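In what follows, a single structure is set out as C-alpha cells and then discussed.
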Amino acid sequence: MLAPVAEDLWTVARPQRFWGLETGTRMTVARLSDGGLFVHCPVALDADTRRAVDALGPVRAIVASSLFHHLYAGEWARAYPAATLWACPGLPQKRPDLPWTGVLGDAPDASWAADVDQRPFTARFEREVVFFHRKSRTMVCADAMLNLWQHPSPVTRAAALLMGNLGPGRGYLERIAVRDWALGRQQVDRILEWDIDGVVLAHGGLLAHGGRDALRDAYDWL
C-alpha cells in the first residue's frame, strides 16, 4: 500500500512486466501545500489504493511523465474528474483517447509549482520529464534511472547484469535510450542543479541518500 518516503511523500510499488521482463513499477504521491495531491506515474486504482489516497487529500494533478507510464492514467482521470491530467511530450499522440489537460514542459504548472519543480529529460527516447520534491529534496523519475541489479527476481537480476545495470542509472541501455547526447548532457546538468538527496524511481530500489552523486555518476559518459 502507500509507503511513506518523507514528509508529504508516499509511494506505491506494484509488479509490472516490460518487454517480458519483471521490472516492477512505482507510483509517487506528493501532498502539496494546499492539501491537494500530485500523483506521478499512476498504478492500477484498486479500492484499497483509492481509500488510502483519498485519506491523504483531494487528487489535484495526475502526471504521466514518460511514454511508457500511461497504462492507468485513464482510470485515474475517470475516478478523479476534477483533477488535471498531464502528459510528457509525445504522449497525447500515442494516447489520443485520454482527456489531457496539457503537455509537461520546462516549468511546473501553477497547481504544484510551490512544492514540486520539474525538468525535461526529453533527450531520452521515453521523452521523460523528471520532478523534484523540494521539501524532502527528492528527485522523482520514471525511467531516467533503472536500479534492477538487486531485484528479487533472479531473471531480472541476470538481465540487469547483461545490461550492465550494476548501479542506479548505469548500463548499456542508457547509451541507447539517450538519442541526443549533446542535449542529454545539457538536460542532466540542469537536473543536477537541484539539491537532490533521495531518488524515487519507477523500476528498482529507492535511493534514500546520495541521489545527486548517483545521477551524476550514472551519466558521466555524456
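Using the number of other C-beta atoms within 10 angstrom as an exposure proxy, rank Trp221, Trp76 with the fewest first. Walk me through the intermediate numbers first.
Numbers: Trp221 12, Trp76 21.
Ordered by Cβ neighbours within 10 Å, fewest first: Trp221, Trp76.
Can you tell me the convex hull volume per residue for the chain, based on C-alpha atoms, in Å³ to the nearest whole number? Working shown, then result.
Working: hull volume 24.9 nm³, N = 222.
In the chain, the Cα hull volume divided by residue count equals 112 Å³.
Taking the simple approach of a point 7 Å from Cα along Cα-to-Cβ for both Ala107 and Asp217, what is their distance in nm?
3.7 nm
Quick one: 3J(HN,Hα) in Hz for the stretch 96-113, Karplus 6.51/-1.76/1.60 with θ = phi - 60°, rounded, Gly and Pro as x.
3J(HN,Hα) across the stretch 96-113, in whole Hz: x, 7, 9, x, 5, 7, x, 10, 5, x, 7, 10, x, 5, 4, 5, 10, 4.
Which value, in debye to the nearest 20, gives the size of the charge dipole of the chain about its Cα centre, when Lys and Arg are +1 and Asp and Glu are -1 at the Cβ? Write down the numbers at each step before the final one.
Numbers: 24 positive and 25 negative charges, 83 e Å.
That gives a dipole near 400 debye.
Would you mind checking which residues have amide H under 5 Å from Thr25's amide H? H placed 1.01 Å from N; only 5 or more apart, or other chain.
Arg14, Gln16
For the chain, set up a GNM with springs between Cα atoms under 10 Å and report which of Phe38, Phe121, Phe68 has the largest fluctuation.
The residue that fluctuates most here is Phe68.
Would you calculate, for the chain, the mean residue ellipticity at 222 nm contributed by helices, counting each DSSP H stretch of 4 or more residues as -39,500 (n - 2.57) and dividing by all residues, to the nearest 500?
Numbers: 7 runs with 56 residues, N = 222.
Dividing the helical sum by the residues of the chain leaves -7000 deg cm²/dmol.
Which ordering of Tyr172, Tyr80 is given by a fewest-first count of other beta-carbon atoms within 10 Å? All intermediate terms of the calculation are to be shown ahead of the outcome.
Values: Tyr172 11, Tyr80 22.
Listing Tyr172, Tyr80 from fewest to most nearby Cβ atoms yields Tyr172, Tyr80.
If contacts are Cα pairs under 8 angstrom and at least 6 residues apart, what is the relative contact order of the chain in percent?
Numbers: 476 pairs, mean separation 35.0, N = 222.
Relative contact order comes out at 16 percent.
Quick one: Karplus J couplings for the stretch 12-17, per residue in order, coefficients 6.51, -1.76, 1.60, θ = phi - 60°, nearest Hz, x for Gly and Pro?
10, 9, 9, x, 6, 9
Could you check the spin-label model distance between Leu2 and Leu71? Points 7 Å from the Cα along Cα→Cβ, value in nm.
A separation of 2.3 nm, rounded to one decimal place.
Using the Karplus curve 6.51 cos²θ - 1.76 cosθ + 1.60 with θ = phi - 60°, work out ³J(HN,Hα) for each residue of the stretch 124-130 in order, rounded to whole Hz, and write x for Gly and Pro.
7, 5, 6, 6, 6, 10, 9
Any read-out appearing in this document is the output of simple, stated calculations on the displayed coordinates, not a laboratory observation. From a predicted model like this one, the values you see are computed outputs, not experimental measurements. Cβ coordinates were reconstructed from backbone atoms using ideal geometry, including for glycine residues, and neighbour counts include every protein chain displayed.
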